[in-house]
Amino acid sequence: MPVCTKKCGKNATLRRPKTGDTLCKECFFEAFENEIHFTITRAKLFKPGSAVAIGASGGKDSTVLAYVLKLLNEKYQYGLKLVLLSIDEGITGYRDDSLKTVEQNKNDYKMPLKVLSYKDLYGWTMDEIVKQIGRKNNCTFCGVFRRQALDRGAAHLKVDYLVTGHNADDIAETVLMNILRGDLARLKRCTSIITDNGDGIPRVKPLKYTYEKEIVMYAYFRKLIYFSTECVFAPNAYRGHARTLLKDLEKIDPSVIMNIIQSGIFTSNVLMYIIS
Ligand code: SF4
């Protein structure tokens with residue numbers, strides 16, 4: 001590896017997937033964290049002193065989000081009160097294990113944790129639902145109820161914001177899926193960094209411009225503990241096709257992820273202009 005391109009004098013240990021820069025670990029951490037700080041401050045995502053619930057699944061995205069938000073909150077004195085909020089869908093062999101990682105996050109990052117279960121909220125688990133309806137469309141069902149469960153959890157915690165770990169790849173995939181389905185009306189919502197369900201608690205995506213590969217790299221070099229097993233009920237073939245297409249395109253040109261997001265934003269703005 002050549003020397004770090006930030007001219008810190010150290011040898012580079014990695015190549016940034018997003019920019020191609022060769023960096024040492026410390027300069028990568030700084031660049032990664034600064035970009036998220038820039039995203040937060042440029043979009044004025046949080047008011048000082050706010051209470052923020054972090055939607056925590058134990059996976060890489062929410063683990064990195066919790067770690068970086070805590071770090072930035074202390075470094076730049078955002079004045080945020082951070083709390084972890086997890087949803088237990090009742091999926092044996094998946095959520096029961098990933099919740100152990102969230103418990104670990106709670107201890108490592110010294111944040112309070114609230115867990116809400118489908119069983120308590122709705123009277124059934126996803127295991128029971130899949131037994132009844134089978135594996136077809138179970139994710140549509142589960143996704144709708146998880147969004148509602150997160151909203152109810154955020155209201156219960158009386159927080160001002162609910163942040164989620166949606167990253168740039170997730171958003172680009174959703175833009176692609178909406179275009180492939182001809183559902184352009186959904187572009188606005190999926191590309192917005194902040195959305196409101198009408199319940200007064202905005203949902204915020206601080207990792208909107210953060211590449212998935214860099215999240216994995218950051219977690220690896222920071223030695224963060226996260227849960228990486230896929231849900232046992234995860235067919236979702238359509239998103240899988242969009243993901244494969246995106247990954248193939250990213251190999252040719254990494255900027256394709258940002259280009260798709262920007263195209264989604266532009267198209268939704270044009271639509272809004274035409275409608276108004
Ligand atoms: Fe629910 Fe599907 Fe996600 Fe599993 S993969 S947690 S069933 S939405």
**Prompt:** Any idea which of (1) acidic (Asp, Glu); (2) within 22 Å of Asn259 (Cβ to Cβ); (3) within 16 Å of the ligand (Cβ to nearest atom) is the one Asp183 doesn't satisfy?
**Reply:** (3)
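Rundown of residues vs (1) more than 20 Å from Asp170 (Cα to Cα); (2) of a type in the set (Val, Ile, Thr), yes/no style:
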{"residue": "Phe28", "(1), (2)": "yes, no"}
{"residue": "Ala43", "(1), (2)": "no, no"}
{"residue": "Phe46", "(1), (2)": "yes, no"}
{"residue": "Tyr76", "(1), (2)": "yes, no"}
{"residue": "Ile87", "(1), (2)": "no, yes"}
{"residue": "Ile91", "(1), (2)": "yes, yes"}
{"residue": "Asn107", "(1), (2)": "yes, no"}
**Enumeration of residues in segment 141-180 that are aliphatic (A, V, I, L, M) and more than 14 Å from Val83 (Cβ to Cβ)** = Val144, Ala149, Ala168, Ile171, Ala172, Val175, Leu176, Met177, Ile179, Leu180
**Prompt:** more than 30 Å from Thr41 (Cβ to Cβ), more than 16 Å from the ligand (Cβ to nearest atom) and at pLDDT 95 or above, is that true of Leu249?
**Reply:** yes
**Fill in**
Of the residues in segment 121-167 that are of a type in the set (Ser, Thr, Tyr) and in contact with a helix residue (DSSP H, G or I) (Cβ under 7 Å, 6 or more places away or on another chain), the one that is nearest to the ligand (Cβ to nearest atom) is Thr125
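For segment 37-67, give me each residue that is free of Cβ contacts under 8 Å to residues at least 40 places away in the same chain and at negative phi.
Passing the criteria: His37, Phe38, Thr41, Arg42, Pro48.
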**Asked** Can you find even one residue in segment 68-82 that is crowded, with 22+ Cβ neighbours inside 10 Å and more than 22 Å from His156 (Cβ to Cβ)?
**Response** yes
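The values are calculated or read from the model by the stated rules, or taken from the named source; none is laboratory data. If you're wondering where the values come from, they're calculated on a predicted model, not measured in any experiment. Cβ coordinates were reconstructed from backbone atoms using ideal geometry, including for glycine residues, and neighbour counts include every protein chain displayed.
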